[in-house]
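In what follows, a structure is listed as structure tokens, so that the remarks can point back to it.
Taken together, the values in this text are just the output of simple stated rules run on the coordinates, not laboratory data. The model shown is predicted, which means the values in this text are computed figures rather than measured ones. All Cβ positions, glycine included, derive from the backbone under ideal geometry; neighbour counts span all protein chains shown.
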Amino acid sequence: MTDVLVVDDDPQILRALRINLAAHGYEVHTAPDGAGALRAAADTRPDAVVLDLGLPDLDGADVIAGLRGWSQVPIIVLSARGESTDKVAALDAGADDYVTKPFGMDELLARLRAAVRRARADSEPEEPVVTTDGLTVDLAAKTVHRDGVAVRLTPTEWGVLELLVRHRGRLVSQRQLLTEVWGPRYEHETHYLRVYLAQLRRKLEREPARPRHLLTEPGMGYRFEA
């Protein structure tokens, strides 16, 4: 059975979607706000998320960013915001599709089926929380703890760490880090990486001079080992 998480602050829409999706064979989970959506996604590991943008606590784009920190689950935005700028912002944040309210249930079901089919090509299990000996990185909540104590990172430091942790165990090239964290114009600024990796090691490694988790592959890139 396909699990779907529906996120909307309108109880009537939640109820209607729960009934209609269940009638078509889906296992439906619901959340009325952004924080609940992130918790539910981590707990239930849905096969797809149907997300309203206008939530009472978080903007939908922030929820998308939180999910994309650790998961490639298909996200279909279901929103009354019909302006092209809203659609572009949601898609740039990581949404897979956008349906404008009011909507037809047949259209939503078709888009949901297509999104789930595309996602099934990559079935690698994903974990939002990565734990090592003394280090805990929560990709959904965007938090880091060392020996149980919260570590404050700058947005750029988090961007570097998040990318490395998402690809843990694999080499991330210097170019990929620079273009994804700073932008395409910075792909040759390798000194940025030396500075920020040194800062991260001071904050996260027990022995920064002998790192166990934030490793350098000379001339190629960096790797996070859990």
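Structure notes:
- More than 18 Å apart - percent of Cα-Cα pairs taken over the stretch 68-149: 57
- Net charge over other residues, Cβ less than 15 angstrom from the Cβ of residue 22 (K, R count +1; D, E count -1): -1
- Within a straight-line Cα-Cα reach of under 28 Å, residue 203 can be paired with the following lysines, leaving aside sequence neighbours fewer than 8 residues apart in one chain: 142.
- From phi via Karplus (6.51, -1.76, 1.60), per-residue ³J(HN,Hα) for the stretch 106-116 in Hz, x at Gly/Pro: 4, 5, 4, 5, 5, 5, 5, 4, 5, 5, 5
- In order along the stretch 138-149, the phi-based Karplus estimate (6.51 cos²θ - 1.76 cosθ + 1.60, θ = phi - 60°) of 3J(HN,Hα) comes to 9, 6, 6, 7, 6, 10, 9, 10, 10, 6, x, 10 Hz; Gly and Pro are listed as x.
- DSSP beta bridges fully contained in the chain are about 50 percent antiparallel.
- In the stretch 2-119, the ratio of gyration radius to Kirkwood radius, Rg to Rh, stands at 0.91 when only Cα atoms are counted.
- Here the scattering of the stretch 129-224 is modelled by Debye summation over its C-alpha atoms, one equal scatterer each and no solvent; at q = 0.10, 0.20, 0.25 Å⁻¹ the log10 of I(q)/I(0) is -0.23, -0.97, -1.52.
- Taking a sphere under 15 Å around the Cβ of residue 8 and counting the other residues whose Cβ falls inside, with K and R at +1 and D and E at -1, yields a net charge of -2.
- Compactness of the chain - radius of gyration and Dmax, Cα, Å: 19.3, 59
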